[in-house]
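Asker: To start, I am sharing the structure in question, which I have written as structure tokens.
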Amino acid sequence: MLSHTNVIYQAQVLEATVAVPDHPSSVAYLPLAHIAERILGVYSPIYRAGHVTICPDPALLIPALRAVAPAVFFGVPRVWEKMAAGLQAHLAAADPAVRDAFGAASALALEAYELRAAGRPVPDDLAARLGQADAAVLRPMRAGLGLHNVEWAGSGAAPIPVEVLRFLAGVGLDVLEVWGMTETTGTATINTPEHFRTGTVGRPNPGMEVRLADDGEIQVRGPLICSGYLRAGGGVEPVTGEDGWLATGDIGTLDDDGFLSITDRKKELIITAGGKNISPALIESHLRAHPLIGHAVAIGDRRPYVTALIVLDEEVAPRWAQAHGIAGTEPADLAAEPRLLAEIQAAVDAANARLSRPEQVKSFRVLPSGWTPESGELTPTLKLRRRVITDRHRDAIEALYDETAGASR
């Protein structure tokens with residue numbers, strides 16, 4: 001149960017930490033039951049007298065963004081990943097001169113981005129060169145997404161690959177991660193344009209405290225914590241202990257400067273047959289860094305090693321196939337196409353190079369159809385429904401272990 005105090009405090013925190021113009025424009029496209037849209041699409045615009053355009057179908061998000069050109073935009077990771085993959089596919093098909101111009105402009109944007117992330121000033125000469133390159137190359141690319149007027153771009157609800165964040169930074173979009181949940185009235189931690197660290201979800205909001213339990217579980221306390229869970233009989237069940245700390249169920253780490261990194265959900269950690277604790281989210285994030293991979297699920301709980309189910313990006317994969325002279329562009333055809341499977345193997349190898357040996361994906365299966373909220377494998381905010389996936393694709397999972405075991409005999 002969220003109180004008026006919770007909601008108003010969150011609106012004030014956002015106003016204090018995110019510099020946006022008065023009466024900011026935005027596009028609401030997430031389910032209104034989701035705390036992110038409740039805050040950014042309802043409560044904060046009421047507090048700031050903002051202008052909200054409702055996009056009833058997420059498939060129409062890009063046209064809506066182009067029409068509105070919002071000042072602020074919050075994207076769940078899959079939205080940012082699809083935008084990045086679309087731009088990468090466009091660049092791959094562009095003339096060499098266009099790619100060279102983007103490469104030069106992107107290098108300047110990344111240089112400035114890394115300086116800001118390190119808390120260092122951007123030299124005047126770099127800022128001037130970047131301004132020219134941005135006007136000529138990068139801003140038009142952002143305009144294609146409807147994000148050329150964005151002054152704050154956020155991401156949350158799930159991990160996002162660092163590679164995607166860096167690519168978007170190279171387009172001139174500093175996508176800043178936040179972290180929180182319904183129980184914390186949205187954000188509990190936030191990266192700000194002045195203080196951010198790539199790959200983290202930022203530092204605690206003003207007035208909020210964060211600590212880690214002995215097992216790494218993140219605990220939070222402060223004025224954004226909800227009153228409790230409203231029960232059918234009218235009572236309110238507390239969500240905190242007597243000392244006010246909320247156990248969030250997320251596992252994380254804190255660096256020396258107070259920036260929080262999320263490792264995984266406590267209940268989703270993989271414990272292999274050998275007793276190794278493994279974060280599936282980390283593995284999946286590295287896999288999704290490749291534009292061809294739309295979704296990935298790491299499998300390995302009570303198993304001898306990790307495998308993965310992979311779903312192709314429904315927009316990028318057909319373009320990739322056409323660019324490589326492949327006739328069949330349907331997902332079922334591409335899932336069995338040797339050249340595409342070789343590219344996916346290269347993506348898996350690249351991910352494995354960044355993982356410890358127990359985390360590495362030993363085998364994978366590219367599935368012949370996509371995942372959507374309607375098909376049941378994804379939530380309305382495009383998170384994985386792991387139980388549905390493991391139940392629905394049990395045969396494919398068992399075949400992965402049978403094939404790998406057979407090959408090792």
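Asker: In whole angstrom, note down how far apart the Cα centers of the range 356-384 and the range 266-288 are.
Answerer: The two parts, judged by their Cα centres, are 13 Å apart.
Asker: Also, quick follow-up: How big is Rg to Rh over the range 269-408, alpha-carbon atoms, Rh as the Kirkwood inverse-mean-distance radius? Show your work: numbers first, answer last.
Answerer: On the way: Rg = 14.7 Å, Rh = 15.4 Å.
Taking Rh as the inverse mean 1/r over Cα pairs, Rg/Rh reads 0.95.
Asker: Can I ask one more? Would you list ARG354, ARG394, ARG142 from fewest to most Cβ contacts within 10 Å? Working shown, then result.
Answerer: On the way: ARG354 14, ARG394 10, ARG142 21.
If I rank by nearby Cβ atoms, fewest first, I get ARG394, ARG354, ARG142.
Asker: Moving to a separate point now. Go through the range 207-216 residue by residue and turn each phi into a ³J(HN,Hα) via Karplus (6.51, -1.76, 1.60, θ = phi - 60°); whole Hz please, and just put x for glycine and proline.
Answerer: After applying 6.51 cos²θ - 1.76 cosθ + 1.60, I find x, 9, 10, 10, 9, 10, 6, 4, 8, x Hz.
Asker: Considering the Cα trace of the range 2-77, what is its radius of gyration and what is Dmax, both in angstroms?
Answerer: Looking at the range 2-77, its Cα Rg and Dmax stand at 12.2, 36 Å.
Asker: Taking the Kirkwood radius as the inverse of the mean 1/r across Cα pairs, report the Rg/Rh of the chain.
Answerer: 0.96
Asker: Using Cα pairs under 8 angstrom and six or more residues apart, how large is the relative contact order of the range 272-377, in percent?
Answerer: Relative contact order, the range 272-377: 31 percent.
Asker: Expressed as a rounded percentage, what relative contact order does the chain have, with Cα pairs under 8 Å and six or more residues apart? All intermediate terms of the calculation are to be shown ahead of the outcome.
Answerer: On the way: 709 pairs, mean separation 51.3, N = 409.
Answer for the chain is 13 percent.
Asker: Among DSSP bridges having both ends in the chain, what percentage is antiparallel? Round to the nearest 5.
Answerer: If I count the DSSP bridges inside the chain, around 65 percent turn out antiparallel.
Asker: Mind checking which of TYR47, TYR29, TYR305 has the largest fluctuation in a GNM of the chain, springs on alpha carbons under 10 Å?
Answerer: Of TYR47, TYR29, TYR305, the most mobile in the Gaussian network model is TYR47.
Asker: What is the magnitude of the charge dipole of the range 177-267 about its Cα centre, with +1 placed on the Cβ of each Lys and Arg, -1 on the Cβ of each Asp and Glu, and no other charges, expressed in debye to the nearest 20?
Answerer: With only Lys, Arg, Asp and Glu charged at Cβ, the dipole is about 320 debye.
Asker: Right, next: Can you give me the three principal axis dimensions of the range 177-267 from its C-alpha atoms, in Å, biggest first?
Answerer: The Cα atoms of the range 177-267 stretch 45, 27, 21 Å along their principal axes.
Asker: Top mean-square fluctuation among ALA289, ALA169, ALA67, Gaussian network model of the chain, C-alpha springs under 10 Å?
Answerer: Among ALA289, ALA169, ALA67, the largest GNM mean-square fluctuation belongs to ALA67.
Read the figures in this text as sums done on the coordinates, not as results from a lab. Since this is a predicted model, take the numbers as computed values, not measurements. All Cβ positions, glycine included, derive from the backbone under ideal geometry; neighbour counts span all protein chains shown.
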